[in-house]
Each structure stands twice: as structure tokens, then as C-alpha cells.
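Remarks on the structure that follows.
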Amino acid sequence: MSVIRIDNVTKVYRSGQNEVPALRGVNLAVDAGEMLAIMGASGSGKSTLMNILGCLDMPTSGEYHLDGVHVNELSRNQLADLRNQKLGFVFQGFNLLARTSALENVELPLLYDRSGRQLDTRALAAQALEHVGLGNRLDHVPSELSGGQQQRVAIARALVMHPRLLLADEPTGNLDSRTSVEIMALFQELNDRGITILIVTHEADISAYCRRIVEVRDGLILRDEPVASRRRAARDLETLAAPPPVAAAAHAPTPHAPTPHAPTPHAPAQGPA
Amino acid sequence: MKRSTLVRIAVQSILKNKMRTLLTMLGIVIGVAAVIVMVAVGQGAQSRIEEQINNLGTNLVVVTPGSSQAGGVSQGAGTFNRLTVEDAEKLEREGTLFAAVSPVIVSRAQVIGGQGNWRTMINGVSTEYFSIRDWQAADGSLFSEADLRGMRKVVLLGHTVAASLFPDGDAVGQQVQIRSVPFKVAGVLSAKGQTASGSDQDDVVVVPYTTARSRLSGFARVQMILASTYSPADIAAAQEEVRSLIRESHRLGDDDDDDFTVRNQSDLAEAASGTTRVMSWLLAAIASISLLVGGIGIMNIMLVSVTERTREIGIRMAIGARGADVLTQFLVESVVISVLGGLIGLALGFGGAALLGHITGWSTETPPQAVLIAVGFSAAVGVFFGFYPARQAASLDPIQALRYE
């Protein structure tokens, strides 16, 4: 069954007298276990699509089904509950609560759980943080953590409710290239465990780690195809791990579609231009 | 979300801004403290008055001269005094409901004797006066029926008078002169303290009214007649009886108005506490204005806080907070601030009232309900002034809120 199915979705923003179409009839189906990149330049409509998929915004027309639920019919409160139960968000700017410990940040979605079950919120939060490799940073506040660690906390927060879909909006946008690869490795690991992941990005490097790429332009889907040769972030990390600068410089700059079986390390100043 | 969690989140976010929270609270702190101090002072005065009215005697009925009319123009209370000793004697003779009756003839005069002289109030009364007013001799003895009938020149000194004329405490048996008439000091009365209005009840000398009338010039009129009934239930009937007897004695026709006034103890208490009640209300009004100002302060800070934490609100909404959750969070925050302020104000108020009582010597009384009132009011202020900012927060659009810089 599809986790996401949208049919002919449009979104029109009004600004004064003008009507600005952001989406002009988008169809998309995402199955469980996929790892999908939505690409597009700014203004392409990918953020609007992301907001609609994240149940933060409603389409002007068209149908949206999330995990079998017809989202169009839901009230504001039901949307909030749906976000709580079925979606996990990861943002570019991490969006952690400042001056709040990692544990309490991860605990947050559990506090808004309305299913009525008895949850040991602390234990579940600690467990989620261990999953992302921060078991020893539970009491650190965001300002005491590196960017990569903060993003890991955000991922733990997104995962703690065991959502049907992880939505990541430019998750590596604020990270240096090595940390970006680390985060992508984490996403790939989670995906291997069966978690459906949707990443919005404008970086070809990042989308290369996904299984499928959807490109949006001018409110329409321009391209929707599987990634022929998917890169493994874990392998990229190995080669990044032992980089005497001289040795790294010996390698030629890598093309953007590396072959999976011949690990091609990035140039020292790798990452998107 | 669980209630304990809500309170925990509120307390956490309050503690993240300690200085600001403290300043925000200040309005409520001052407001509640002011209310408590005002109530304490008001209550203290009130119960002092009640105590003094009770001190006046039990089951008391007081007759005072009424107003006279000159050609239809009322001259006001006491302008024409027709109360006489005979009225009092008639009450004593013919009244059926009275345990005791005494006229009170009042004058001021210089009392000479002992260490010097002292200007004071001279009260001419009957022996029953002491039982009505529940007044005993601290030293020596009260005068007797025989003294009264014999118009003997005996005097009882009030505590203050005795202390100034005979500081050595040897007043009993000595001689004093009132208007050049020598009197023998029969006893010294026990101390009664001040009245509600601050006059000294012990600055007085008491003589038999017969003596006052016959031996001291200028004693003609009866200032008031005091009577006491056997039981409190008789007071209303006794007032009626007094009225008809004195009307008879004054030979008033059916069409004539009373030329005297009959009041009971609770009338007196009412009159006396009226002033303090007005004062209390006035002070309470001022105090509640400061509560109002405190509440506006809270609203202001909560609005700032909502703007400042727009992103946080967006995050919370994205991960599943409903509008009601956000509303409750901010409402709980403002209530916690105001109740905390209320509790601090309560402590300050109690302390302030005690200190004020200590410094000024006023009696202050902090009633236990004040705790409830203070906490209740401050919580109400928190809800009232926190609601608008909380609703602003709850109605934010999650997308806008997440993008807010």
C-alpha cells in the first residue's frame, strides 16, 4: 500500500488581487520503504509540496491520502494528531527547542500523544537518542551540541513516535559536507530498516543517496525516476575518514553520479558547489 | 497532555527567563501584598471597634438627647437636652426589662490633689453604672447605694487620672478638690484603654450623680441614660419600653416627635464601623488597581513571549500539538506567574502587616480567608490577562510560525 498518494493536487496562493499557482496538478505515490528525494530550485513548488505532504497545509484542489487516511477531510486538530502519529519532521535549521535538553526535545512528540496509551516517555526518548548515536548526550542542550549532533537529535525526535513517513526538508543545508554524509548515512541506515523517507533538497549530491528522485519545476513534476546507481554514504565516509590532505588532493574531482562499486571519495572541498 | 507535564513545561520556560519573570510578577506581588495589608489594617480596626463596643457593657440600651425643632428647622442632635435624672429614675422604677439603669451627667473640670491638678471629665452616675459597663475598682471600692442616697462627696478616679495625680499609687483615702469641693477618693477604676476613636476611657473621674447635681455647680443635664437588659433577646422590646416611658415622662403628645434617641449596642457598632468600612473599601479599591496594573504587565510580557517563541510554537504544532495544547501551555504559564506572584505577595503582605502593627501600634489582623482571596484573585488575573496572548499563540499558522525568524 502506498504511504503517500496525491492525485492532481494544486495549490494557489492569493496575494492581493493576484493568484499565484504554486502547484499545478501533481500526482505522486510513495510506497513503504522508499527513500525519495524531491528536487527543485527555489520557487519550483517543492516547499509547497512538502507542506502539503506534511499536513501543514491543505491543497486548493486534488486528493491527498496519507497511509490510507483521506487528509482533505480532516480538521485542524485531526491534522495535528495525524502529524503526531504518522509523520516525523526534520528541518534544515534543526528546530530544536533552545535551552532544552536533547532528551526533553525528543520527548516532546510523546507528550502530545493522544492515543491514551501509557508511555514511559523518558525511556522511549533515551532509546531514540541511542539509535542515532547520542546515548551519551541526553542532558546536553542544543547549544552544547555540534550541528550534526543537533540534526541527530532532530532525527531522534522525528523517529520517537515510529512514524509512517520521515519528512526531511533540506536536512543537510546547514551542515558541512562531512557531517552531511554522516546524516545521509544515518538516513540510509534507517531506510534499510524499513523506514520510508522523503527528503527535499536542491543538492544533487544528497539526492544521489536516495532510491528515487522526483524533480519539481514550475509547480509540475518534471522528472520521476529511480536512481540508477545509488551511493552508499557509509562507504563514502570510510574514504573520507582517512584523508591525508595530500592523498585526497591526488584524486580527481568526482562526477556527480559515482559508480556504487568503485567508491570515489570526494575532493577535500567536496559537497555541492 | 498530562496536567503535571503542562505545569512542568510552564515552570521550565518561566525559569529560563528568571529576571523577566520576577519583574513581571512584581505587579501582582505588590497588588496582593497591598490587598493583604489593607485587609489586615481594616480588620484590625474593625475588631478593635467591636471589642470596644462590647467593652461598653452587655445588652446595652443608650438614650441620648434628641434634636429640638425651632419653627420646623431641625437643630440637630443634642441641641435641646430634655433628658433628666427623673427620666432615669422613672425607667428604674417602672421599667420591667432592665437589669440596671444609670443616668450619666457629664462635665469637665479641674481636679486638684496629690501631685498637682488634672483637667478631666466628671461623670455623675448611679451605682448600677458599674455593672452596666462591667467596670470594677482596681483599688479601694466602688461607691455604695448609701453614698448615692447621702449625696456623699466620694469619687472614683479613672486609671489615667489616678496615675497623674497619685503616681505612687496611694490614691485611695486621699482628698481631691473638684470645683473647690473636697472629695474623698473611694477607689481607682480598672484600666479600660482607648476607644475606637482614640480617646482615653480612663481619663475620667466618677462621682454619684446625686452629689454631682447638688454639690457641683453646672451639673444639670443628663448627657445620656445607660440601661442594660437581662438578656439580648429583650433589647428590641426594651428599646420600645424606654421610648414609651420617656415620652410619658416628657409629656409628649401623639403628634410630637421623640426629643431623644434610643439606640442599642449594635446600632453603635454599626455607626462606628461605618467609617472604617468606607476606608477599607477605598484601600481595597486602590489595591485592586495595582492588581489590574500587574495583570496588564503579565499580558504585555506574555504577548512578547508569544512573538519571541513563534518558532517554538511552530515546532510544537509540527510535531502534533493542537491549538488547545498551545493555548493551555501559555495560559498555564501566565497563571503560574501570577499565582507565584500572589504567593510571594501573600508572604510580603503578612510580613508587612505584622511590621506595620509593630511600628505603629495599630492592631492588624490577617484573616485566613485572605490566603484564598489572594491566590484566587491572582489566578483569575493570570487567566484573564493570559487568555488573549495564549489565543494569539494557538491561532498561529504552523508554516508561518516555523519560518519565523
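The values are calculated or read from the model by the stated rules, or taken from the named source; none is laboratory data. Quick caveat: nothing in here was measured; it's all calculated off a predicted structure. Quick reminder, even Gly has a Cβ in these numbers, built from the backbone with ideal geometry, and neighbours come from all protein chains shown.
Of the numbered criteria (1) surrounded by fewer than 22 Cβ atoms within 10 Å (Cβ to Cβ); (2) within 14 Å of another protein chain (Cβ to nearest Cβ), the one B:SER290 fails is (2).
If I filter segment A:52-70 down to residues being farther than 24 Å from A:GLY33 by Cα and not polar (S, T, N, Q), which single residue comes out as nearest to the other protein chains (Cβ to nearest Cβ)?
Only one residue tops the list, namely A:ASP57.
Among the candidates A:ASN84, A:ASN72, A:ASN77, A:ASN18, single out the residue that is under 26 Å from A:ARG157 (Cβ atoms) and free of Cβ contacts under 8 Å to residues at least 24 places away in the same chain. When all the criteria are applied, what remains is A:ASN77.
At least 3 residues being away from chain A (no Cβ under 14 Å) and at pLDDT 75 or above is the threshold, and among the helices (runs of 4 or more DSSP H) wholly inside segment B:1-104 those reaching it are B:18-55, B:85-94.
In segment A:71-117, the residue that is nearest to the chain's Cα centre (by Cα) out of those that are among the basic types (Lys, Arg) and within 9 Å of another protein chain (Cβ to nearest Cβ) is A:ARG83. None of B:THR275, B:THR261 is more than 25 Å from B:MET38 (Cβ to Cβ) and among the hydroxyl-bearing types (Ser, Thr, Tyr) except B:THR261.
Any residue at all in segment A:30-49 that is within 11 Å of chain B (Cβ to nearest Cβ), surrounded by fewer than 19 Cβ atoms within 10 Å (Cβ to Cβ), outside any helix (DSSP H, G or I) and in contact with a strand residue (DSSP E or B) (Cβ under 8 Å, 6 or more places away or on another chain)? There is no residue in segment A:30-49 that is within 11 Å of chain B (Cβ to nearest Cβ), surrounded by fewer than 19 Cβ atoms within 10 Å (Cβ to Cβ), outside any helix (DSSP H, G or I) and in contact with a strand residue (DSSP E or B) (Cβ under 8 Å, 6 or more places away or on another chain).
Selection within segment B:346-405: residues that are among the aromatic types (Phe, Trp, Tyr) and part of a loop (DSSP other than H, G, I, E, B). The member of this set that is modelled with the highest pLDDT is B:TYR404.
Every residue, every condition in (1) within 14 Å of another protein chain (Cβ to nearest Cβ); (2) out of contact with any Leu (no Cβ under 7 Å at 6 or more places or on another chain); (3) of a type in the set (A, V, I, L, M, F, W, C), yes or no:
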{"position": "B:GLU312", "(1), (2), (3)": "yes, no, no"}
{"position": "B:VAL326", "(1), (2), (3)": "yes, yes, yes"}
{"position": "B:GLU365", "(1), (2), (3)": "no, yes, no"}
{"position": "B:ALA370", "(1), (2), (3)": "no, yes, yes"}
{"position": "B:VAL383", "(1), (2), (3)": "no, no, yes"}
{"position": "B:GLY386", "(1), (2), (3)": "no, no, no"}
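Look at (1) in a loop (DSSP other than H, G, I, E, B); (2) on the phi > 0 side of the Ramachandran plot and you find that A:GLY25 fails only one, number (1). Per this entry, A:VAL90 is not counted among residues that are surrounded by fewer than 17 Cβ atoms within 10 Å (Cβ to Cβ) and β-branched (Val, Ile, Thr). Taking the condition of being of a type in the set (Lys, Arg) and in a loop (DSSP other than H, G, I, E, B), how many residues in segment B:118-147 meet it? Summing the residues that are of a type in the set (Lys, Arg) and in a loop (DSSP other than H, G, I, E, B) in segment B:118-147 gives 1.
When restricted to residues that are over 16 Å from B:THR229 (Cα atoms), outside any loop (DSSP other than H, G, I, E, B) and aliphatic (A, V, I, L, M), segment B:242-267 contains 1. Annotation: of all residues in segment B:308-359 being of a type in the set (Asp, Glu) and free of Cβ contacts under 8 Å to residues at least 12 places away in the same chain, the one that is surrounded by the most Cβ atoms within 10 Å (Cβ to Cβ) is B:GLU312. If the condition is being surrounded by fewer than 19 Cβ atoms within 10 Å (Cβ to Cβ) and in a strand (DSSP E or B), then segment A:194-212 contributes only A:ARG212. If the condition is being in a loop (DSSP other than H, G, I, E, B), touching a helix residue (DSSP H, G or I) at 6+ places or on another chain (Cβ under 9 Å) and buried (at least 23 other Cβ atoms within 10 Å of the Cβ), then segment B:149-177 contributes only B:ALA171.
Got a sec? Which of B:VAL293, B:VAL326 is over 30 Å from A:ALA80 (Cβ atoms) and touching a helix residue (DSSP H, G or I) at 6+ places or on another chain (Cβ under 7 Å)? Result: B:VAL293 is the single residue among B:VAL293, B:VAL326 that is over 30 Å from A:ALA80 (Cβ atoms) and touching a helix residue (DSSP H, G or I) at 6+ places or on another chain (Cβ under 7 Å).
Of note, A:GLU107 does not satisfy the criterion of being farther than 22 Å from B:TYR404 by Cα, surrounded by fewer than 20 Cβ atoms within 10 Å (Cβ to Cβ) and not polar (S, T, N, Q).
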